[in-house]
1. Just name one of Asn106, Gly80, Ser65: the one whose Cα is farthest towards the positive end of the charge dipole of the range 60-122 (beta-carbon charges, Lys/Arg +1, Asp/Glu -1).
2. Taking 7 Å along the Cα-to-C-beta vector as the label spot, tell me the Thr117-Glu74 distance in nanometres, rounded to one decimal.
3. Highest mean first, what order results for 177-189, 133-145 on Cβ atoms within 10 Å?
4. How would the range 62-104 be classified by its alpha-carbon gyration tensor: rounded, prolate or oblate, with rounded meaning a/c under 1.5 and the a/b versus b/c comparison settling the rest?
5. So what are the ³J(HN,Hα) numbers for the range 180-186, from phi and the Karplus equation (6.51, -1.76, 1.60; θ = phi - 60°), rounded to whole Hz, Gly and Pro as x?
6. So how do 163-173, 60-70 stack up, highest first, on mean other-Cβ count within 10 Å?
7. Rank Trp173, Phe188, Gly132 by how far each Cα sits towards the positive end of the charge dipole of the range 120-191 (+1 on Lys, Arg Cβ; -1 on Asp, Glu Cβ) and give me just the farthest.
8. For Ala147 and Asn164 in one chain, what is 0.36 nm times their gap in residues minus the Cα-Cα distance, to one decimal in nm?
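Read-outs: derived from the displayed coordinates by stated rules, not from any lab. Source: prediction; values computed, not measured. Positions of Cβ are backbone-derived with ideal geometry, glycine not excepted, and every protein chain shown enters the neighbour counts.
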Amino acid sequence: MKNNIKWVVGLFAIITISLSSCQAAGDSVNLLDVPKLSDENQENIKTDLEKLLPEGSEYVTAKNSEPKQSIFTEDINNDGKQEGFVLYRTTKENDPIHILVLKEDNGVWNTRYDIATNYNYLDYFKLEDLDGDGNKEMAVGMGSSDAELKKQLLIYELEDKVANNIVDTEYEWAQIDDFDGDNKTDLFLLNGEVRHRRQNCIIMTMGNYS
């Protein structure tokens, strides 16, 4: 996938940018008050999480992502089984954001791995097929706090026993979509001087450029 990334860099004028503050970890909630889940799989996983998550954990939602939820379930590799992704942190002082990755097997959720990040603030989270191979990657935007403009975008390829970090880049605002209508997923990043309304705009198109 690393060889299938096209960078297009330009300088654009930004008309309006809205910045707001929030809790240091994005939005955190107690385990008993998890944000509304969107389907039955996510409701089922909630029961198992009480056994899988460390005591004193709290769910975290990404500040600038939709939908606003902490638990995601998708079949990311088309094997007919659901993967689960849980965004959380413990209440220990300075404990970073964690991403618990689960696999469903015959109605039981089992831990595949727990990614302990180096960041305390969750800005962005998205599961998307970025390179067109039919498997979804995980894009996570994080920082030390909401007050800092500069954040770090990490993209992971998810395998059975390991999450491979294939992209690690700085940004100030991120969005994933097909921006140019070519049926390929684009990763749009803003990175520059927000306060001056001008930014370096980077579009990474992850596709098969053979």
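1. Ser65
2. 1.6
3. Per-residue Cβ counts within 10 Å, averaged per peptide and sorted highest first, yield 133-145, 177-189.
4. oblate
5. In residue order, the calculated couplings are 10, x, 9, 6, 10, 6, 10 Hz.
6. Going by the mean number of other Cβ atoms within 10 Å, highest first, we get 60-70, 163-173.
7. Checked the options; the winner is Trp173.
8. Gain on stretching Ala147 to Asn164: 3.3 nm.
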